[in-house]
């Protein structure tokens, strides 16, 4: 049996944002500028970009004024760097960040 890989995960991070479409574009632009083209992209339940060492999912709430962001990376250091980059991209759009969860490690596949 192959060993189970552990990844660092941001948990769901919620940002109060009025221009959710503009914020999503800013996140996607920041990710692709920093990390290049993703290995895959899924456009359901928001947008998910997959890379060899992790993924980013950004989606808007249709019932609340929130943008939701989840980031997973191979380790906490990479996760912290990615979150810093994405939060910088979101800063011009944010009214405030809410319900922030601390960085958690979880079992990934």
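Got a number for residues in the range 42-53 being surrounded by fewer than 16 Cβ atoms within 10 Å (Cβ to Cβ), closer than 20 Å to residue 78 by Cα and at pLDDT 95 or above?
1
Determine if the range 54-61 includes at least one residue that is farther than 13 Å from residue 31 by Cα, crowded, with 18+ Cβ neighbours inside 10 Å and at pLDDT 95 or above.
yes
Kindly provide the set of residues from the range 10-33 that are buried (at least 19 other Cβ atoms within 10 Å of the Cβ), touching a strand residue (DSSP E or B) at 6+ places or on another chain (Cβ under 9 Å) and part of a helix (DSSP H, G or I), ordered by number.
20, 23, 24, 27, 31
Please work out if residue 102 is modelled with pLDDT of 95 or more and either over 12 Å from residue 9 (Cα atoms) or loosely packed, with under 13 Cβ neighbours inside 10 Å (or both).
No; evaluated as a whole, the condition is false for this residue.
The values are calculated or read from the model by the stated rules, or taken from the named source; none is laboratory data. These figures come from a predicted structure and were not determined experimentally. No Cβ is skipped: glycine too gets one built from the backbone with ideal geometry, and neighbour counts run over all protein chains shown.
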